[in-house]
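Bear in mind these aren't lab numbers, they're just calculated from the coordinates by the rules spelled out. On a predicted model such as this, the values are computed, not experimentally measured, just so you know. Here the Cβ positions follow ideal geometry from the backbone for every residue, glycine too, while neighbour counts run over all protein chains shown.
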Amino acid sequence: MLPFYLRIMLVLGALAALAVVGRKVRRQKILVEDAVFWVVLAAVFVVLALFPDIAIVLSQALGFMSPSNFVYLAIIVLLLWKVFTNSAEISRLKAKVNELAQEVALAHGDTAEKDGR
Amino acid sequence: MRVLAIVPAFNEEECLADTIRSLTAACPQVDYLVVNDGSRDGTARVMRDEAIDGVNLPVNTGLTSAFRTGMKYALRHGYDAVVQYDADGQHLPDYIPEMARVLEERGADIVIASRFLDGTVRPSGARGVGSRLITLLIKLTTGATITDPTSGMRMYSRRMIELFATGFDCAPEPDMVAYVARRFGPVVEIQARMRERQGGESYLKLGNVIMYMSRTCLSIIMSRFLR
């Protein structure tokens, strides 16, 4: 059985996440397309809290000591994956920013050329 | 053979003018391009006052990106070879013609000005240990012997200019030398002497040296399997 406090925490956590994400979207601090991940994650938490049998059945099928271990592990894996994709995205953004800076530098031309020599 | 010396400069107001004067005095046939990497000191002013050829990056983007700016310039202006040249006065321009000759004669993709090729000077200190380790790793992963992988004075062929100007992950660093030695033409060294830096501050302090060396070593090993 998923402990009652974990179910309460899942629901509260999901509601808090939804509130924070919603505010950021309204204040235009995050793109809707990037907010989708967090909204879906919150929804999954709520489903897990309402129907703990899902976690119980899955954890037993996979041989976990307790359903909470399974829930924690699943969340950790998900977050690690998210951090990694963030890393990859930052790499791409870095490359793009550098590319733009290089083009700006080259477009402004030689300092000597600019002086008309 | 048209050679361009790319001189990345980040906060190098102290020695940039002297470096460029000695470069143009020794090698008038070599063009140069200073890439001011968003310096916060008077580097841009020195370039203007001394009529130094160069471009200015609007923000600081790091040595790799600054160097690649120069590579794009070299590609668009049809240069046959590029030499990576420090702004701080460590490199001596007298070796550039010999590097160009060796690049052409040996069909090399990279020519390195090595301080340790003839064995009279040996790498010393923390950087020496790191340098030997990188030499060993390059030997193991590519079979090539590079006595001075961390030498910052390297000449690149036309093929390399294209690669650096258009590729995704190309840095003027030892791991790239290893990659080129494995995937492209030969990497050749010539014996050279270097001076102490003439001003400014090296970012290679002990903590940084350890970080830099471990990152470089790991990168060499990883690219052996991934690139």
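Listing for the model above:
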{"quantity": "5 angstrom amide H check on residue B:152, placed H, neighbours 5+ away", "calculated": "none"}
{"quantity": "Calculated FRET efficiency for the pair residue A:5/residue A:37, C-beta based, R₀ 30 Å, to 0.05", "calculated": "0.70"}
{"quantity": "Ranking of A:32, A:47, B:35 by count of other Cβ atoms within 10 Å, fewest first", "calculated": "A:32, A:47, B:35"}
{"quantity": "All lysines inside 20 Å of residue B:139 as judged from Cα atoms, apart from same-chain residues fewer than 8 positions distant", "calculated": "none"}
{"quantity": "DSSP-defined antiparallel bridges as percent of all bridges, the protein assembly as shown, nearest 5", "calculated": "25 percent"}
{"quantity": "Cα coordinate range in the protein assembly as shown, projected on the principal axes (Å, largest first)", "calculated": "81, 48, 34"}
{"quantity": "At q = 0.17, 0.23 Å⁻¹, base-10 log of I(q)/I(0) for region A:4-115 (Debye sum, equal scatterers on each alpha carbon)", "calculated": "-0.94, -1.24"}
{"quantity": "Residue with peak Gaussian network fluctuation, chain B [Cα springs, cutoff 10 Å], from B:150, B:166, B:43", "calculated": "B:166"}
{"quantity": "Compactness index (Cα Rg / 2.2 N^0.38 Å), chain B", "calculated": "0.96"}
{"quantity": "Per-residue ³J(HN,Hα) for region B:140-155, Karplus 6.51 cos²θ - 1.76 cosθ + 1.60, θ = phi - 60°, Hz, x for Gly and Pro", "calculated": "5, 8, 10, x, 7, 9, 10, 6, 9, x, 8, 4, x, 9, 10, 10"}
{"quantity": "For region A:62-74, 3J(HN,Hα) per residue [Karplus equation, 6.51 cos²θ - 1.76 cosθ + 1.60, θ = phi - 60°, Hz, x = Gly/Pro]", "calculated": "8, x, 7, 4, 8, x, 5, 4, 5, 5, 4, 4, 4"}
{"quantity": "Amide hydrogen neighbours beyond the local backbone of residue B:5, cut-off 5 Å, H modeled", "calculated": "B:31, B:32, B:33, B:83"}
{"quantity": "Förster radius 41 Å - calculated FRET efficiency between residue A:60 and residue A:89 (Cβ-Cβ, nearest 0.05)", "calculated": "0.65"}
{"quantity": "Residues B:223, B:39, A:91, sorted so that the one with the fewest Cβ neighbours within 10 Å comes first", "calculated": "A:91, B:223, B:39"}
{"quantity": "Built amide H within the under 5 Å cut-off of residue B:189, gap 5+", "calculated": "B:112"}
{"quantity": "3J(HN,Hα) from dihedral phi, region B:79-86, Karplus parametrisation 6.51/-1.76/1.60, rounded to Hz, x for glycine, proline", "calculated": "6, 8, 8, 10, 10, 7, 9, 6"}
